[in-house]
Amino acid sequence: MAKARIAVVGAGLMGHGIAQVFALAGHDVTITDAVAKNLENVKSRIAENLRELGDDEQAAARVTPCADLAAAVRQADYVVEAVSENLPLKQKLFAEIERHVRSDTILASNTSVIPITSIMAGLNKRERALGTHWWNPPFLVPLVEVIATEWTSPQTVAWTMELHQAAGKKPANVKKDVPGFIGNRLQHALWREAISLVEHGICDAETVDAVIKASFGRRLAVLGPLENADLVGTDFTLAIHDTVLPAIDSRPGSSPYLQKLVADGKLGFKSSEGFRKWSVEEQATLRAKVFAHLKASRDR
Ligand SMILES: NC(=O)c1ccc[n+]([C@@H]2O[C@H](COP(=O)([O-])OP(=O)(O)OC[C@H]3O[C@@H](n4cnc5c(N)ncnc54)[C@H](O)[C@@H]3O)[C@@H](O)[C@H]2O)c1
């Protein structure tokens with residue numbers, strides 16, 4: 001992949017990590033943010049990540065913070081937006097970005113769940129716009145979902161897939177712009193049943209997590225569900241589904257149990273209690289465990 005000029009809009013949790021990945025892959029990256037403080041420390045934040053991961057710290061030198069949006073995107077071949085999850089903000093931003101970029105500059109949004117179609121509908125050249133859904137932390141989780149709208153050109157998808165592949169990511173082409181794309185649909189189908197098991201008194205929250213981590217969670221990184229279905233046999237899978245699926249939660253909408261947690265102010269780590277109670281030490285231990293696990297998986 002030839003060296004490209006990348007602009008990242010939003011220098012928060014995701015934006016700085018995305019900039020880091022592209023800089024490490026050899027691209028020149030400009031990064032912009034509405035909050036000056038986030039730009040002041042972005043290079044040192046990236047350099048610190050690189051050091052912690054044992055990656056080339058010099059890559060941080062390829063990142064240029066730039067407070068002015070127009071100047072940040074003007075030379076770009078590719079712009080990826082990672083600002084706050086807010087539809088009007090993203091729509092306004094892309095309208096502004098389109099005024100400053102070349103007619104063939106590719107425009108991508110890293111939204112978690114907002115349909116790419118709603119974000120990009122107002123653009124003049126919608127064929128060059130798409131979604132790229134990264135996972136946190138961007139420099140450790142390999143997947144990037146590359147989401148096409150009905151307007152996105154095949155060339156835009158192909159170039160974006162290649163850009164991410166060459167940067168060491170595992171891009172997955174999402175051919176229709178459906179809510180939750182692929183990864184979050186699957187993840188939250190599991191979370192719905194996990195919450196339902198607790199709600200119906202079948203087990204407590206700790207047990208749900210323990211069951212997953214000690215069973216199919218162990219296999220998931222190397223054995224996807226459809227590989228698994230083929231491995232055990234589609235006939236066996238059908239027999240299981242005919243018995244189990246009628247019994248699992250299929251209510252539309254969010255769980256009343258989850259709604260009550262939120263109404264009671266049990267917001268998880270940020271209020272020290274969600275499904276379970278969390279001391280500050282337990283929170284730090286869990287975060288460190290996840291980071292170490294993801295780092296070890298990357299190094300293997
Ligand atoms: N956090 C995650 O795990 C995760 C995972 C995948 C996708 N996403 C998505 O990525 C996007 C960014 O999330 P995040 O977690 O990095 O949020 P964040 O709050 O850490 O960062 C957002 C940044 O956008 C900046 N910003 C806000 N308005 C702006 C504007 N008009 N111009 C320029 N910068 C502006 C903010 O100052 C902030 O630095 C969201 O759409 C989010 O849904 C997040």
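For the range 190-209, indicate whether the set of residues that are open to solvent by 50 Å² or more (accessible area, probe 1.4 Å), among the small types (Gly, Ala, Ser) and either within 30 Å of THR156 (Cβ to Cβ) or not in a loop (DSSP other than H, G, I, E, B) (or both) is non-empty.
Scanning the range 190-209 turns up no residue that is open to solvent by 50 Å² or more (accessible area, probe 1.4 Å), among the small types (Gly, Ala, Ser) and either within 30 Å of THR156 (Cβ to Cβ) or not in a loop (DSSP other than H, G, I, E, B) (or both).
Can you tell me which residue in the range 1-57 is nearest to TRP159 (Cα to Cα), limited to those that are touching a helix residue (DSSP H, G or I) at 6+ places or on another chain (Cβ under 6 Å) and without any contact (Cβ under 8 Å) to a residue 12 or more places away in the chain?
My answer is GLU57.
Which of the residues spanning the range 1-50 are of a type outside the set (Gly, Ala, Ser), out of contact with any strand residue (DSSP E or B) (no Cβ under 8 Å at 6 or more places or on another chain), away from the ligand (no atom under 12 Å from the Cβ) and over 23 Å from LYS170 (Cα atoms)?
Listed by number, the list holds a single entry, GLU48.
Can you tell me which residues in the range 20-43 are in contact with a Pro (Cβ under 9 Å, 6 or more places away or on another chain), under 16 Å from ALA167 (Cβ atoms) and in a helix (DSSP H, G or I)?
Hits for the range 20-43 are GLN20, VAL21.
Could you tell me whether any residue of the range 68-83 is under 23 Å from ASN184 (Cβ atoms) and open to solvent by 50 Å² or more (accessible area, probe 1.4 Å)?
The answer is no, given that none of the residues of the range 68-83 is under 23 Å from ASN184 (Cβ atoms) and open to solvent by 50 Å² or more (accessible area, probe 1.4 Å).
In the range 99-141, what count of residues is obtained for those that are closer than 12 Å to TRP151 by Cβ and among the acidic types (Asp, Glu)?
1
Return yes when ASN173 is assigned to a strand (DSSP E or B), out of contact with any Pro (no Cβ under 9 Å at 6 or more places or on another chain), more than 16 Å from the ligand (Cβ to nearest atom) and at pLDDT 95 or above and no when it is not.
Against the criterion (assigned to a strand (DSSP E or B), out of contact with any Pro (no Cβ under 9 Å at 6 or more places or on another chain), more than 16 Å from the ligand (Cβ to nearest atom) and at pLDDT 95 or above), ASN173 qualifies.
Which one is nearest to ALA95 (Cα to Cα), of the residues in the range 128-158 that are buried (at least 19 other Cβ atoms within 10 Å of the Cβ) and more than 15 Å from the chain's Cα centre (by Cα)?
ALA129
List, please: which pairs have Cβ atoms under 8 Å, are six or more places apart or on different chains, and start with a residue in the range 251-264 that is within 15 Å of ALA205 (Cα to Cα) and end with one that is at pLDDT 95 or above and open to solvent by 80 Å² or more (accessible area, probe 1.4 Å)?
Going by the 8 Å Cβ cut-off, the qualifying pairs are SER255/ARG192; LEU261/LEU267; LEU261/PHE275.
Identify the single condition in (1) closer than 25 Å to VAL198 by Cα; (2) loosely packed, with under 12 Cβ neighbours inside 10 Å; (3) of a type in the set (Asp, Glu) that GLU273 does not satisfy, given that it satisfies every other one.
Of the numbered conditions (1) closer than 25 Å to VAL198 by Cα; (2) loosely packed, with under 12 Cβ neighbours inside 10 Å; (3) of a type in the set (Asp, Glu), the odd one out for GLU273 is (2).
Just to check your reading of the model, which residue among VAL222, VAL174 is free of Cβ contacts under 8 Å to residues at least 60 places away in the same chain, in contact with a Phe, Trp or Tyr (Cβ under 9 Å, 6 or more places away or on another chain), within 28 Å of LEU13 (Cα to Cα) and aliphatic (A, V, I, L, M)?
Checking each option against the conditions leaves just VAL174.
Just to be sure I understand, how many residues within the range 59-86 are free of Cβ contacts under 8 Å to residues at least 60 places away in the same chain and either more than 9 Å from the ligand (Cβ to nearest atom) or touching a Pro at 6+ places or on another chain (Cβ under 9 Å) (or both)?
Within the range 59-86, residues that are free of Cβ contacts under 8 Å to residues at least 60 places away in the same chain and either more than 9 Å from the ligand (Cβ to nearest atom) or touching a Pro at 6+ places or on another chain (Cβ under 9 Å) (or both) number 13.
How do the pairs read when you match residues in the range 280-300 that are more than 25 Å from LEU267 (Cα to Cα) with residues anywhere that are open to solvent by 90 Å² or more (accessible area, probe 1.4 Å) and charged (D, E, K, R), using Cβ under 9 Å and keeping only pairs 6 or more apart or on different chains?
Sorted first by the residue in the range 280-300, then by its partner, the pairs are LYS295/GLU52.
From ILE106, ILE97, grab the single residue that is farther than 13 Å from VAL174 by Cβ and within 12 Å of the ligand (Cβ to nearest atom).
Checking each option against the conditions leaves just ILE97.
I'd like the full set of residues that are in a loop (DSSP other than H, G, I, E, B) and within 15 Å of the ligand (Cβ to nearest atom), limited to the range 109-134.
ASN110, THR111, SER112, VAL113, ILE114, PRO115
The values are calculated or read from the model by the stated rules, or taken from the named source; none is laboratory data. Note that the structure is predicted; figures quoted are calculated from it, not measured. Reconstructed Cβ throughout: ideal geometry from the backbone, glycine too, with neighbour counts over all protein chains shown. Only protein heavy atoms, including side chains, enter the accessible area calculation; ligands, DNA and RNA are left aside. Shrake-Rupley method; radii C 1.70, N 1.55, O 1.52, S 1.80 Å.
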